Amino acid sequence: MMPEVSIISHFYNHPDKVLEQIAWWESLPAEFLSRVEFILIDDCSEQSPVIPATGLDLKVFRITTNIAWNQAGARNLATFHARGAWGLYFDLDQHFHDEPMGIVLDKIRFMDENTLYHFRSDNESIKDPATRIPFHPNTYLVNIGRFKTHGMYDEDFSGKYGYEDIYMARHWEWSGGKRQLLADYNFFTNLKFATARLDRDVSHNRRLGQDKLLDGVRNSAGMLRFAWEPVAITRPGRTDRIAPNDGSDHPFLSV
């Protein structure tokens, strides 16, 4: 049976936190798990986890090209492998709550495919309370088919920190999409961990975003500008294997 929602996240290092997430997912009610799949993208980590045997509907891919801050590419890669009609995207430093997400699943057939849905959250990464927004821009629910044709991420932002999520939302709106905040429930808990000793200077990507907005909010043509490989997952009675891909035969590769 096809999943209703693909639950998507990516990570760089923190193998212990990856394993904690998987353990958390395994603890969720069977009825909820029967309706979703999970996709994890390892963004060329220096320290990768050994994925334990699991009964989850889980796919893991490792990006093998070392590109700094490649969240845009990681999320694009997950999108192309998603089987769900909808995608729930979030960062690894969050836990989603199954009860409100179950309510979303029950209502998803009535949701607007042209709307990108954000979830209420106190975005503590924004230090100034005057500019803090009530949701995390990296966390949202979106129709996968609509996202592929009118959204996704501009990988020009990869290599430097920041703004790929903000620009993605602007491009979604420029393409005719809408956005809505689901504010009735607390959907996520922020776990408050981050990778240290990384360059988080946003000046390059801020200028890039400003230039792209002035140029008409058009994404660059190339996607998946890197090599990746599947991570084998042992399941009860079998091992799933997917052929590796260096990106050279992908129709969205930049040429």
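The values are calculated or read from the model by the stated rules, or taken from the named source; none is laboratory data. In this text, all values refer to a predicted model and were calculated from it rather than measured experimentally. Because the Cβ atoms are built from the backbone with ideal geometry, glycine has one as well, and the counts that use them run over all protein chains shown.
A compact table of results
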{"quantity": "Test: residue in the range 28-41 that is under 19 Å from residue 191 (Cα atoms) and not in a strand (DSSP E or B)", "calculated": "yes"}
{"quantity": "Matching strands (runs of 3 or more DSSP E) fully within the range 151-254 where at least 3 residues are modelled with pLDDT under 90", "calculated": "188-190, 238-240"}
{"quantity": "Residue within the range 80-88 that is in contact (Cβ under 8 Å) with a residue 12 or more places away in the chain, surrounded by fewer than 19 Cβ atoms within 10 Å (Cβ to Cβ) and closer than 20 Å to residue 119 by Cα present", "calculated": "yes"}
{"quantity": "Tally, over the range 125-149, of residues that are modelled with pLDDT under 75, over 23 Å from residue 184 (Cβ atoms) and of a type in the set (Lys, Arg)", "calculated": "1"}
{"quantity": "Matching option when the condition is among the charged types (D, E, K, R), out of contact with any Cys (no Cβ under 7 Å at 6 or more places or on another chain) and closer than 24 Å to residue 4 by Cα, among 46, 37", "calculated": "37"}
{"quantity": "Residue that is farthest from the chain's Cα centre (by Cα) [pool: residues in the range 135-150 that are within 11 Å of residue 113 (Cα to Cα) and not in a helix (DSSP H, G or I)]", "calculated": "143"}
{"quantity": "Pairs with Cβ under 6 Å, 6+ apart, first in the range 95-109 and among the charged types (D, E, K, R), second modelled with pLDDT of 90 or more", "calculated": "98/28; 98/32"}
{"quantity": "Residue among 79, 54, 65 that alone is over 15 Å from residue 39 (Cβ atoms), hydroxyl-bearing (Ser, Thr, Tyr) and either touching a Gly at 6+ places or on another chain (Cβ under 7 Å) or not in a strand (DSSP E or B) (or both)", "calculated": "65"}
{"quantity": "Within the range 111-124, tally of residues that are at pLDDT 75 or above and either in contact with a Pro (Cβ under 8 Å, 6 or more places away or on another chain) or in a strand (DSSP E or B) (or both)", "calculated": "6"}
{"quantity": "Residue in the range 1-60 that is surrounded by the most Cβ atoms within 10 Å (Cβ to Cβ), counting only those that are of a type in the set (Asp, Glu) and more than 19 Å from residue 81 (Cα to Cα)", "calculated": "20"}
{"quantity": "Residue check, residue 91 touching a His at 6+ places or on another chain (Cβ under 6 Å) and either in contact (Cβ under 8 Å) with a residue 60 or more places away in the chain or crowded, with 16+ Cβ neighbours inside 10 Å (or both)", "calculated": "no"}
{"quantity": "Restricting the range 61-110 to residues that are modelled with pLDDT under 95 and under 14 Å from the mean Cα position of the chain (by Cα), the residue that is nearest to residue 187 (Cα to Cα)", "calculated": "96"}
{"quantity": "Count - residues of the range 197-217 that are surrounded by fewer than 13 Cβ atoms within 10 Å (Cβ to Cβ) and touching a helix residue (DSSP H, G or I) at 6+ places or on another chain (Cβ under 7 Å)", "calculated": "0"}
{"quantity": "Flag for residue 190 being closer than 21 Å to residue 111 by Cα and either touching a residue at least 60 places away in the same chain (Cβ under 8 Å) or touching a Leu at 6+ places or on another chain (Cβ under 8 Å) (or both)", "calculated": "no"}
